[in-house]
Amino acid sequence: MHKILSYPLSIVYYFLLSLSLLIFHPIQWVCFNLFGYQAHTNSVVVLQWFLMRSANVLGTTFTVNGSEKLPVNQPIIYVSNHQSMFDIISMIWFLRKTHPKFVSKKELGKGIPSVSYNLKHGGSVLIDRNDPKQALPAIKGLGEYIQKHNRSAVIFPEGTRSKNGSPKRFSENGVKMLCKFAPDAYLVPLTINNSWKMFRFGMFPMGLGSAVTLEVHDAMKVSDYDFKTLFEKTEEAITSSIK
């Protein structure tokens, strides 16, 4: 019954999703080219609100826990598990005060209305996961950017999405590079739960009634730890909260 009911609701959801992405693409262009960084950032944040409301059609809910712990006016490195594209939507909305920028695969940088434009012009970096020689300098630049502007970077050390919620092996290279070039940053582990359930049947139909949660763990000053300890504490905080 769940899957049968999800077919018509998924059609409505994809219509609303596509409409939001198409409408906000020119809005982003105007904001970025005529009014600058802050106007563009605001337009992206509002887009996430519409994308979350689109998902409400599926009975999906979004909540955040622990956002009051976030450092203020400091560079932040968010390290998170990864379950679906709605991880990013949730983070942009709930962490909006810290201006999150993403380490994303280069394939997302073209062909997707609104999404590709934001990734290319909003301060995020696009990497080729098969080419470390390109990826690490790009991540280095992101670290220097958040250090200079007191903004935040989001990295998914699993490298790809988990299709069933179980965490994959964490790779330390990207996190290590961000920590090296943003030495004044605070590292904040994040745990996403249940966003994979939205795609339990694949891209169509969508899963119904997913309660997506974003758990914000305690911030750790990068300079207070050796990297091995910092990485171990980060991975433990994230994986121990996956349900």
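The values are calculated or read from the model by the stated rules, or taken from the named source; none is laboratory data. Since the model is a prediction, treat every value here as computed from it, not as a measurement. Cβ coordinates were reconstructed from backbone atoms using ideal geometry, including for glycine residues, and neighbour counts include every protein chain displayed. Accessible surface is based on the protein model in full, side chains and every heavy atom, while ligands, DNA and RNA are left aside. Shrake-Rupley method; radii C 1.70, N 1.55, O 1.52, S 1.80 Å.
When region 67-81 is limited to residues that are in contact with a strand residue (DSSP E or B) (Cβ under 9 Å, 6 or more places away or on another chain) and open to solvent by 10 Å² or more (accessible area, probe 1.4 Å), the one that is nearest to residue 166 (Cα to Cα) turns out to be 67.
Taking region 128-159 as the region of interest, how many residues are closer than 26 Å to residue 97 by Cα and at pLDDT below 85?
1
Report, by residue number, each residue of region 106-141 that is farther than 19 Å from residue 171 by Cβ and not in a helix (DSSP H, G or I). 110, 111, 112, 113, 114, 122, 123 - these are the residues of region 106-141 that are farther than 19 Å from residue 171 by Cβ and not in a helix (DSSP H, G or I).
I'd like to check something: does region 166-173 contain any residue that is out of contact with any Pro (no Cβ under 7 Å at 6 or more places or on another chain) and free of Cβ contacts under 8 Å to residues at least 12 places away in the same chain? The answer is yes; a qualifying residue exists.
From the list 217, 149, exactly one residue is open to solvent by less than 50 Å² (accessible area, probe 1.4 Å) and out of contact with any Asp or Glu (no Cβ under 9 Å at 6 or more places or on another chain). Which is it? Show your work before the answer.
Values: 149 fails: open to solvent by less than 50 Å² (accessible area, probe 1.4 Å).
Just one listed residue meets the conditions, 217.
Scanning region 160-200 for residues that are out of contact with any strand residue (DSSP E or B) (no Cβ under 9 Å at 6 or more places or on another chain), outside any helix (DSSP H, G or I) and either small (Gly, Ala, Ser) or open to solvent by 70 Å² or more (accessible area, probe 1.4 Å) (or both) yields a total of 10. Filter region 207-238 down to the residues that are out of contact with any strand residue (DSSP E or B) (no Cβ under 8 Å at 6 or more places or on another chain) and of a type in the set (S, T, N, Q) and list them by number. If the condition is that a residue be out of contact with any strand residue (DSSP E or B) (no Cβ under 8 Å at 6 or more places or on another chain) and of a type in the set (S, T, N, Q), then 223, 229 are the ones that fit.
Considering (1) assigned to a helix (DSSP H, G or I); (2) in contact with a strand residue (DSSP E or B) (Cβ under 9 Å, 6 or more places away or on another chain); (3) open to solvent by 50 Å² or more (accessible area, probe 1.4 Å); (4) not charged (D, E, K, R), the lone condition that residue 50 does not fulfil carries the number (2). Annotation: of all residues in region 201-214 being buried (at least 16 other Cβ atoms within 10 Å of the Cβ) and of a type in the set (Gly, Ala, Ser), the one that is farthest from residue 235 (Cα to Cα) is 207. For residue 89, indicate whether it is open to solvent by less than 40 Å² (accessible area, probe 1.4 Å), outside any loop (DSSP other than H, G, I, E, B) and at pLDDT below 95. It is false that residue 89 is open to solvent by less than 40 Å² (accessible area, probe 1.4 Å), outside any loop (DSSP other than H, G, I, E, B) and at pLDDT below 95.
For region 13-36, the condition of being touching a residue at least 24 places away in the same chain (Cβ under 8 Å), surrounded by 14 or more Cβ atoms within 10 Å (Cβ to Cβ), small (Gly, Ala, Ser) and assigned to a helix (DSSP H, G or I) holds for at least one residue.
This table checks each residue for (1) assigned to a helix (DSSP H, G or I); (2) within 11 Å of residue 188 (Cβ to Cβ); (3) among the aromatic types (Phe, Trp, Tyr).
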residue: 206; (1), (2), (3): no, no, no
residue: 209; (1), (2), (3): no, no, no
residue: 215; (1), (2), (3): no, yes, no
residue: 218; (1), (2), (3): no, yes, no
residue: 223; (1), (2), (3): yes, no, no
residue: 231; (1), (2), (3): yes, no, yes
residue: 235; (1), (2), (3): yes, no, no
residue: 239; (1), (2), (3): yes, no, no
residue: 242; (1), (2), (3): no, no, no
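I'd like to know if region 27-41 contains one or more residues that are within 28 Å of residue 162 (Cβ to Cβ) and under 21 Å from the mean Cα position of the chain (by Cα). Within region 27-41, none of the residues are within 28 Å of residue 162 (Cβ to Cβ) and under 21 Å from the mean Cα position of the chain (by Cα).
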